[in-house]
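Taken together, the values in this text are just the output of simple stated rules run on the coordinates, not laboratory data. Quick caveat, the model's predicted, so the values are computed rather than measured. Positions of Cβ are generated from backbone atoms using ideal geometry, with glycine treated the same way; all protein chains shown enter the neighbour counts.
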Amino acid sequence: MRLSFDDATEAFRREFVAWLADNMPDAATATSERARSSAYIPPWARLWQRKLFDAGWLVPGNPPEFGGRNASLVEQFVHQEEMGRHKIYPSYNPQGLSIIVPSILAFGTEEQKRRWAVPILRAEITAALGMSEPDAGSDLAGLRTRAVLDGDRFVVNGQKVWTSGAHDADVILAFVRTDPGAAKHRGISALVIPTDSPGLTRRPFGSIVSPDERDFNEVFFDDVAVPKENLIGDLHDGWRVATGSLGHERAMLWLGFAERLDDLIVHGGAALAEQRLAGDALVLDWFGNLAVDAYALRLLGYRTLAKARRGVEATEQSILKLLGSEAVQDATLHMMEALGPDGLDPDRRSAPLDPLHYEAYTASWWERYLRSFAGTIAGGTSQIQRNIIAERVLGLPR
Amino acid sequence: MDFELDDEQVELRRVVRDVAERECPAALVRAVVGGSDDGSGLWKTFVELDWPSLTVPAGDGGMGMSAVELVITLEELGRVADPTPFLATTSQYVAVLRECAGPDGRAPLLAAVCAGGTGAAAFAAGAAQARSDGDGWLLGGRARHVIDGDRADEIAVVAATEAGAGAFVVPVGDVAVTREPTFDGSFHLATVDLDGVRVAGDRAFTGPGVEAGVERARQEAVTGLAAVMVGASQRVLDTVVAHVKERRQFGVPIGSFQAVKHMAVDVYVAIERARALCHFAALTIAEDDPRRELAASLAKTAAGDCQRIAAQHGVQLFGGLGFTWENDLQIYLRRAKVGEPLLGSTTEHRARAARLVLAGHAATEVDG
């Protein structure tokens with residue numbers, strides 16, 4: 001047990017931080033055009049992502065031809081930690097970079113890697129993830145979008161929903177049912193579907209935050225023809241790709257929550273001081289809880305990292321997600337209420353804008369509270385996480 | 001940043017758990033509560049294993065281990081509701097001597113611990129006073145809620161002097177002690193009357209650095225108590241999980257019901273949260289990191305939270321079977337709860353942690 005990383009890791013960190021200092025986009029450029037959905041990358045951000053790719057700093061764990069430098073797990077962690085500290089993202093198409101590319105690199109052919117993974121990495125195209133359906137949310141394996149193999153193409157019919165950024169994306173990695181006769185986990189396949197395919201309709205819809213916030217989409221497939229070579233992994237073996245994809249999504253997800261909790265301490269601390277509430281006994285009680293959660297999450301995250309480094313499959317991702325997402329929700333709710341009537345104004349920022357960061361992270365306390373539900377619902381609800389912990393960690397019967 | 005126990009620490013935990021489970025079954029704790037045993041046999045076992053000297057510096061004849069090993073040990077002893085004065089001796093008395101007394105002053109006192117002697121500490125700078133009296137010191141006041149104050153061989157009394165806090169080591173026979181009743185019958189708390197007690201010069205530790213040493217010892221004591229609460233809470237959870245796997249209603253184990261699962265998970269997460277912070281607090285003590293004051297308060301807060309939910313859900317999930325004296329649940333429940341108000345309550349530590357964090361807007365990155 002030690003409180004610091006080793007010297008080699010710290011040297012890696014210094015190298016990356018120095019590179020960031022020379023290469024980060026300036027604030028004026030970044031404020032000139034904001035990322036408007038999770039599959040729209042503004043021109044300045046495309047240049048930024050391309051720079052990272054060329055320098056091997058985009059996904060350091062990858063080999064150089066895929067934007068990396070074969071970095072170790074701990075180095076990848078430090079890289080992500082510094083991105084967070086600098087309030088900047090490697091890509092403004094997070095699903096493309098963190099879920100779809102790793103899936104194609106893990107399960108795709110060389111041709112598929114060249115055709116989709118590299119262009120996504122180089123910010124030449126963007127991608128959306130087609131998993132959830134109206135009747136397949138937590139029960140993802142219950143998905144019903146059908147793909148029928150017909151000669152050298154699949155014909156796809158059905159509907160996806162919550163498909164973030166689909167209206168701005170060039171391709172969708174969609175999970176479809178190819179064998180309706182098999183057990184539900186066994187009859188699924190993964191297809192890359194270009195969004196300009198005839199018969200594919202995207203309908204963006206507003207979120208609880210605002211009718212004008214357009215990131216979520218309904219995506220309808222009406223006899224959409226998809227070439228057979230767009231199949232990722234083996235036919236009917238899509239569940240393995242799906243769980244692998246979510247594994248990529250979840251591996252360091254906790255760090256995002258840890259950063260949100262640190263932000264809440266800083267932003268909340270400043271707002272409470274301004275309101276002369278920083279010494280209030282009732283405030284201290286929940287604010288102390290925020291501090292406990294923030295430290296505990298980071299420490300448990302570090303432990304998970306150490307386990308992963310030893311190659312031990314961590315069952316702890318569920319604990320980290322549950323603890324982190326609920327702590328963020330609890331603290332944002334407290335902040336909103338602590339401000340009293342001032343907390344009602346939906347346009348009053350909770351902190352100064354970070355130009356390279358998503359605006360949501362400094363939006364009103366009301367908006368931050370609403371968005372905290374993305375943490376407790378998306379990527380496996382808190383109820384599902386509790387079921388997973390109960391069954392896999394505590395060994396309770398299904 | 002490596003936040004995993006190393007191989008030796010894992011081995012230490014295994015050894016302590018084995019001994020604790022074998023030598024301190026629920027039957028022993030029940031015997032102590034009932035008055036037919038005083039736990040001295042168990043203490044003798046601990047002494048034979050050299051455990052009381054765990055954090056006594058090697059130069060003073062001890063094992064010279066760090067607060068991390070102490071916390072690992074205390075958690076395991078909390079798990080069996082250890083009825084001996086181990087907690088007070090190691091995390092309080094030894095800590096005060098190590099942090100407040102110079103090498104010459106502490107040598108004979110620590111040698112006594114290595115030989116099987118016991119100690120307690122009264123952190124009573126607000127309630128006890130000391131004034132210089134010839135070649136010794138004269139104490140006054142009354143210290144309350146002193147863990148093992150009625151049965152330890154020695155009490156390290158932290159008392160206010162004209163020049164800040166000092167530490168005064170008093171044989172328990174020299175003071176008037178009264179055991180305070182608590183709901184945990186195998187846990188000792190005492191009121192110590194100090195009026196007119198004389199302390200020889202070689203047992204008085206005052207002057208520059210002592211007040212800071214007292215604070216450091218207090219942090220260790222707080223962390224140690226938190227670890228005991230975590231261990232006892234873990235035992236409550238273990239007991240409950242075993243029960244809900246076995247107990248069948250409506251034709252199925254009740255542990256298959258989501259309402260039951262989710263309650264058990266909330267206890268589990270609260271324990272993980274508290275244990276991580278206990279380890280962090282121990283590590284900041286071991287590495288003398290400046291966040292040790294904050295870390296101790298975070299640990300005690302999280303331990304307070306976890307005992308609360310463990311007790312609440314523990315009894316509830318056992319149903320009627322948990323509401324009996326025969327069920328061992330009540331033993332560990334009591335041990336988990338008894339630490340809550342001591343050395344600063346959950347609410348006090350939570351507010352303290354909040355103040356420290358608000359003052360510094362401290363970010364949580366552990367690597368600094």
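Global size of segment B:279-358: 15.6, 48 Å for Rg and Dmax (C-alpha atoms, Rg to one decimal, Dmax whole). Averaged over peptide A:384-396, the number of partner chain Cβ atoms lying within 10 Å of each residue's Cβ comes to 6.
For segment B:119-269, the relative contact order is 20 percent, taking Cα pairs closer than 8 Å that sit 6 or more residues apart in sequence and dividing their mean separation by the residue count.
Both numbers refer to the Cα atoms of segment B:3-126; Rg and Dmax are 14.8, 43 Å. Taking GluC sites (Glu not before Pro) across segment A:108-171, the ones in a DSSP loop with at most 15 further Cβ atoms lying within 10 angstrom of their Cβ are A:GLU124. Based on C-alpha pairs under 8 angstrom that are at least 6 apart in sequence, chain A has a relative contact order of 13 percent. Taking every residue in B:268-274 and counting other chain Cβ atoms within 10 Å of its Cβ, the average works out to 6. The peptide list B:5-11, A:254-260, B:23-29, put in order of mean Cβ contacts within 10 Å with the highest first, becomes A:254-260, B:23-29, B:5-11.
Hydrodynamic estimate: the Kirkwood radius of segment B:216-264 over Cα pairs, inserted into Stokes-Einstein at 4 °C and 1.567 mPa s, corresponds to D of 102 µm²/s. Evaluated at q = 0.20 Å⁻¹, the base-10 log of the normalised Debye intensity for segment A:316-389, with identical point scatterers placed on the Cα atoms, takes the values -0.83. Packing-based ranking of A:33-39, B:75-81, A:372-378 yields B:75-81, A:33-39, A:372-378, ordered from highest to lowest mean Cβ neighbour count within 10 Å. For B:LYS245, a cut-off of 19 angstrom between C-alpha atoms picks up these lysines, skipping any fewer than 8 places away in its own chain: B:LYS261.
Tell me which residues come under 5 Å, amide H to amide H, from A:VAL161 once H is placed; ignore anything under 5 positions away on its chain. Under 5 Å from the amide H of A:VAL161: A:SER132, A:GLU133, A:VAL219. Couplings 3J(HN,Hα) of segment B:144-158, computed from phi: 10, 6, 8, 5, 6, x, 8, 9, 6, 5, 10, 10, 8, 8, 8 Hz, in residue order, whole Hz [Karplus 6.51 cos²θ - 1.76 cosθ + 1.60, θ = phi - 60°; x for Gly and Pro].
Dividing the summed helix terms, -39500 (n - 2.57) for each DSSP H run of n ≥ 4, by the number of residues in chain B produces a 222 nm estimate of -17000 deg cm²/dmol to the nearest 500. When the protein assembly as shown is described by a simple charge dipole with +1 on each Lys and Arg Cβ and -1 on each Asp and Glu Cβ, the residue from A:ASN62, A:VAL241, B:VAL230 located farthest towards its positive end is A:VAL241.
Divide the volume of the convex hull around the Cα atoms of segment B:19-67 by the residue count and you get 86 Å³ per residue.
Computing FRET efficiency as 1/(1 + (r/R0)^6) for A:LEU235 and A:LEU344, where r is the C-beta to C-beta distance and R0 is 60 Å, gives about 0.65. If you look at the Cα atoms of segment A:94-231, you get an Rg and a Dmax of 14.4, 45 Å. Couplings 3J(HN,Hα) of segment A:292-299, computed from phi: 4, 4, 4, 5, 4, 4, 5, 5 Hz, in residue order, whole Hz [Karplus 6.51 cos²θ - 1.76 cosθ + 1.60, θ = phi - 60°; x for Gly and Pro]. Just so you know, the Rg over Rh for chain B is 0.98, from Cα atoms, with Rh as the Kirkwood radius. Distance distribution P(r), segment A:1-156, all Cα-Cα pairs, bin width 5 angstrom from 0: 2, 8, 14, 18, 17, 13, 11, 8, 5, 3, 1, 0 percent. Taking every C-alpha pair closer than 8 Å and separated by at least 6 residues, the mean separation divided by the residue count of segment A:127-272 gives a relative contact order of 24 percent. Annotation: amide H of B:LEU54 within the under-5 Å range of B:MET63, sequence separation 5 or more or interchain, hydrogens built in the peptide plane.
Peptide B:252-263 is shielded by partner chain Cβ atoms: per residue, an average of 4 of them sit within 10 Å of its Cβ.
Membrane-span-like helices in chain B, defined here as complete DSSP H runs extending at least 15 Å along the helix axis by their C-alpha atoms with mean Kyte-Doolittle hydropathy no lower than -1.0, are B:67-79, B:103-114, B:210-246, B:258-286, B:292-318, B:346-360; this is a sequence and geometry rule, not a statement about a membrane. For the cross-link pairs A:LYS87/A:LYS160; A:LYS51/A:LYS321; A:LYS113/A:LYS307; A:LYS51/A:LYS87, the ones whose C-alpha atoms lie over 22 Å apart are A:LYS87/A:LYS160; A:LYS51/A:LYS321; A:LYS113/A:LYS307. Comparing B:GLY255, B:GLY39, B:GLY224 in a Gaussian network model of chain B (Cα springs below 10 Å), the most mobile by mean-square fluctuation is B:GLY255. Volume per residue of the convex hull around the Cα atoms, evaluated for segment B:231-368, comes out as 119 Å³. Using the Cβ-Cβ distance between B:SER132 and A:LEU282 with R0 set to 60 Å, the FRET efficiency works out to roughly 0.85.
The value given for the protein assembly as shown is a Kirkwood hydrodynamic radius of 28.6 Å, derived from the mean inverse Cα-Cα separation. Estimated translational diffusion coefficient (Stokes-Einstein, Kirkwood radius over Cα pairs, 25 °C, 0.890 mPa s) of segment B:95-236: 160 µm² per second. Karplus-based coupling profile of segment A:337-342, in residue order and whole Hz: 6, 5, 7, x, x, 5, with θ = phi - 60° in 6.51 cos²θ - 1.76 cosθ + 1.60 and x standing for Gly or Pro.
Scanning residues 5 or more positions from B:ASP148 or on other chains, those with amide H under 5 Å from its amide H are B:HIS188, B:LEU189, B:ALA190, with H placed 1.01 Å from N in the peptide plane.
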